[in-house]
1. I'm trying to understand the selection: among the residues of the stretch 170-193, which are of a type in the set (S, T, N, Q), over 22 Å from Phe37 (Cβ atoms), in contact with a strand residue (DSSP E or B) (Cβ under 8 Å, 6 or more places away or on another chain) and in a strand (DSSP E or B)?
2. Does Ile114 qualify as being of a type in the set (Val, Ile, Thr), within 21 Å of Thr170 (Cα to Cα), at pLDDT 90 or above and crowded, with 17+ Cβ neighbours inside 10 Å?
3. From the list Ile61, Ile80, Ile137, which one is part of a loop (DSSP other than H, G, I, E, B) and under 23 Å from Gly183 (Cα atoms)?
4. Just the residues that are surrounded by 13 or more Cβ atoms within 10 Å (Cβ to Cβ) and farther than 27 Å from Glu59 by Cβ, please, taken from the stretch 171-193.
5. With the requirement that a residue be closer than 14 Å to Ile134 by Cβ, assigned to a loop (DSSP other than H, G, I, E, B) and either modelled with pLDDT of 95 or more or charged (D, E, K, R) (or both), what does the stretch 87-103 give you?
6. Please go through the stretch 71-86 and give me each residue that is modelled with pLDDT under 90 and among the aliphatic types (A, V, I, L, M), ordered by number.
7. Looking at the stretch 151-162, can you tell me whether even one residue there is closer than 23 Å to Tyr54 by Cβ and basic (Lys, Arg)?
8. Do we find that Gly166 is in contact with a Ser or Thr (Cβ under 6 Å, 6 or more places away or on another chain), at positive phi and buried (at least 20 other Cβ atoms within 10 Å of the Cβ) in this structure?
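The values are calculated or read from the model by the stated rules, or taken from the named source; none is laboratory data. These figures come from a predicted structure and were not determined experimentally. All Cβ positions, glycine included, derive from the backbone under ideal geometry; neighbour counts span all protein chains shown.
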Amino acid sequence: MSRKEILENIAKNKPSGEYKLPDLNINTQKGKAAEKFEGIMPKVSAKFEKAKDYIAVTEVIRKHFSGDIRIVNLIEKVNIQGIDVSKLKNIKELDLLDLAIIKGDLAVAENGAIWVSDKNLPHRILPFICENLILVIDKKNIVNNMHEAYRLQNNLDYDYGVFIAGPSKTADIEQSLVVGAQGPRNMMVILVENQD
C-alpha cells in the first residue's frame, strides 16, 4: 500500500464523536507539586529555570541562546522572533532547527513529564527535530502524579498529544547513557510563576 492509501484508510476508520477517558476514583495527592517537579528535572537530564512572568521567560531564553540561530517560537507572549511555521511550504524547511520554544499544557511532578498537545504544536515533529527544546509551563498546571494528569486530560481538547520528559536518551549503546541520540540534545523547562 502507498502512504496515501494507508492514511486514507486510517481516516476512514477513525471513530467519530467524542470519547471521554474512563473515570478513575483516585484521590488527589497533597503536597507541593512545583517543588517536586523542580527536584526531578536533573534526574530527567533537563535544565530548569524559573521566571516570574512571560517577560522574564524571554530574558531567560536570551541569556542562554543568542546569535544567528534557527528558532521556532510557538508562544505569542515570548518576544523572540523566529521561523513562521504557518508559512512553511515543506516540513523539511525545519531541518537543522537549533531551538524550539513550545508551551506545555500540563506537567507531572512525579516524573517530570510535560504534556504537549496539538493545541500548542502545529507540527508534531517540532519537539523531536530541534537540537535544543524549551518547554514553558505555568506553575498552576503542575499536578503531582500521572493519575491526576489522566483526570485532567478528559477536559483537554486535542487530536494528538505527547508526554515529554527530558531530552532524547538511550542506554543501549555500550551500556552507557547517551543524551540526544534520536531527538533534542538539550531540554530546558521554564516554570512561569505568575500567569497573566
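1. Step one: list which residues in the stretch 170-193 are of a type in the set (S, T, N, Q), which gives 170, 175-176, 182, 186.
Subset that is over 22 Å from Phe37 (Cβ atoms): 170, 175-176, 182.
Next, from what is left, pick out any that are in contact with a strand residue (DSSP E or B) (Cβ under 8 Å, 6 or more places away or on another chain): 170, 182.
Across the stretch 170-193, the qualifying residue is only Thr170.
2. On the way: of a type in the set (Val, Ile, Thr): yes; within 21 Å of Thr170 (Cα to Cα): yes; at pLDDT 90 or above: yes; crowded, with 17+ Cβ neighbours inside 10 Å: yes.
Yes, satisfied.
3. Details: Ile61 fails: part of a loop (DSSP other than H, G, I, E, B); Ile137 fails: part of a loop (DSSP other than H, G, I, E, B).
The unique qualifying residue is Ile80.
4. Looking only at the stretch 171-193, we keep the residues that are surrounded by 13 or more Cβ atoms within 10 Å (Cβ to Cβ), and these are 178-181, 183-193.
Those that are surrounded by 13 or more Cβ atoms within 10 Å (Cβ to Cβ) and farther than 27 Å from Glu59 by Cβ: Val178, Ala181.
5. Initial filter on the stretch 87-103 (closer than 14 Å to Ile134 by Cβ): 97-103.
The next check asks that each one be assigned to a loop (DSSP other than H, G, I, E, B); those that pass are 97-98.
The one that is closer than 14 Å to Ile134 by Cβ, assigned to a loop (DSSP other than H, G, I, E, B) and either modelled with pLDDT of 95 or more or charged (D, E, K, R) (or both): Asp98.
6. Of everything in the stretch 71-86, those that are modelled with pLDDT under 90 and among the aliphatic types (A, V, I, L, M) turn out to be Ile83, Val85.
7. no
8. Working: in contact with a Ser or Thr (Cβ under 6 Å, 6 or more places away or on another chain): yes; at positive phi: yes; buried (at least 20 other Cβ atoms within 10 Å of the Cβ): yes.
Answer is yes for this residue.
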